[in-house]
1. Given the -39500 (n - 2.57) contribution per DSSP H run of 4+ residues, what per-residue ellipticity at 222 nm results for the chain, rounded to the nearest 500 deg cm²/dmol?
2. Give me the extension gain from Val263 to Ala231: residue separation times 0.36 nm, minus the current Cα-Cα distance, reported in nm with one decimal.
3. Modelling each spin label as a point 7 Å along the Cα-to-Cβ direction, I'd like the Val249/Ala223 distance in nm, to one decimal.
4. If you fit an axis through the alpha-carbon atoms of helix 204-222 and take the longest principal axis of the Cα set of the chain, what angle between them do you get, 0 to 90°, nearest 10?
5. Under the classification rounded if a/c is under 1.5, otherwise prolate if a/b is larger than b/c and oblate if not, where does the range 76-179 fall, given a ≥ b ≥ c as square roots of the Cα gyration tensor eigenvalues?
6. Can you give me the angle between helix 35-45 and the longest principal axis of the chain, using Cα atoms only, in degrees from 0 to 90, rounded to the nearest 10?
7. Let's test the formula: R0 of 51 Å, r as the Cβ-Cβ distance of Ala238 and Arg153. What FRET efficiency results, to the nearest 0.05?
8. Using the beta-carbon distance between Thr30 and Arg197 and R0 = 25 Å, what value does 1/(1 + (r/R0)^6) give for FRET efficiency, to the nearest 0.05?
Amino acid sequence: MITIVIPTIGRASLARAIPDGVPVIVVEDTERKGPAAARNRGWRQARTPWVVFLDDDVVPGEGWLEALIRDLADLPEDVGGSQGRIEVPLPSGRRPTDAERNTAGLARAEWITADMAYRRSALEKVGGFDERFPRAYREDADLALRVREAGFRLVRGERVTRHPVRNDGFWASVRFQRGNADDALMRRVHGPGWRSRIGAGGLLPRHAATTVLGLGALALALAGTRRGALAAAAGWAALSARFAWERIVPGPGTPGEVARMTVTSVVIPPAACLHRLRGELEVRR
């Protein structure tokens with residue numbers, strides 16, 4: 001009835017993600033084509049009515065398989081997918097870091113393939129994942145929207161999967177801005193209202209204003225327009241400080257975290273805009 005598909009890039013956490021008592025297809029993304037391509041390879045090998053996608057850094061909860069079977073049993077034919085409930089264990093005794101809060105957001109995200117079951121017939125009808133999405137970002141939302149557009153409903157199950165927080169380093173939040181390129185593809189495929197349809201927000205307009213003010217301050221200074229340069233620089237500093245403060249206040253307030261938020265809050269706006277511009281150029285090709 002069920003096949004598990006797990007794409008992996010060789011993380012040591014993979015062993016904890018593999019549940020017992022059910023066929024599992026592990027697809028190693030050796031060519032770095034991305035999780036969308038790896039999952040397509042996996043589900044096309046499956047011969048069961050349901051295919052369950054797990055990430056290689058999750059831990060299925062106790063009794064997960066039994067709960068999964070209950071989630072999928074007797075679902076109407078118009079239900080094309082069932083999402084598991086994601087729990088993110090956060091540290092006790094202190095406020096979470098920016099990285100921990102970002103991971104905790106997965107618990108509220110819709111239709112993410114950290115734990116997402118699809119009817120094989122629904123995957124066949126829409127052609128599976130769109131392999132133009134090269135990262136573990138938006139490829140699952142794109143699939144969910146296309147499955148719903150094909151006439152299927154998506155529901156939430158009761159099974160629970162834990163998603164531990166990884167330490168991805170000082171610049172992780174800057175690297176994550178690469179996803180803005182994928183947002184350009186989402187807009188091209190699903191139209192300007194795609195964010196509301198998956199319950200996603202975004203700070204790109206504010207990042208664009210910050211970047212324009214920063215570049216404007218530099219250009220005006222080079223042109224010798226001191227008053228204009230100072231005004232633009234003040235606007236840039238205000239928006240940058242606001243962004244950093246919004247990320248610092250909910251956190252633990254340690255010197256390392258404050259330094260990381262301060263530095264990356266300056267780098268993120270232009271990085272986000274640059275990646276979005278790159279994505280817009282790519283989709284127009």
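Bear in mind that the values in this text are calculations on the coordinates, not laboratory data. Note that the structure is predicted; figures quoted are calculated from it, not measured. Cβ placement follows ideal geometry from the backbone for every residue including glycine, while neighbour counts extend to all protein chains displayed.
1. Values: 12 runs with 142 residues, N = 285.
Computed ellipticity for the chain at 222 nm equals -15500 deg cm²/dmol.
2. On the way: separation 32, 0.36 × 32 = 11.52 nm, distance 2.19 nm.
Length gained between Val263 and Ala231: 9.3 nm.
3. With each label placed 7 Å out from Cα toward Cβ, I get 3.5 nm.
4. 30
5. Working: a/c = 3.39, a/b = 1.64, b/c = 2.07.
Cα axes put the range 76-179 in the oblate bin.
6. Between the helix axis and the principal axis of the chain, the angle is about 10 degrees.
7. Details: r = 45 Å, r/R0 = 0.89.
Computed FRET efficiency for Ala238 and Arg153: 0.65.
8. Details: r = 34 Å, r/R0 = 1.36.
So, using R0 = 25 Å, E works out to roughly 0.15.
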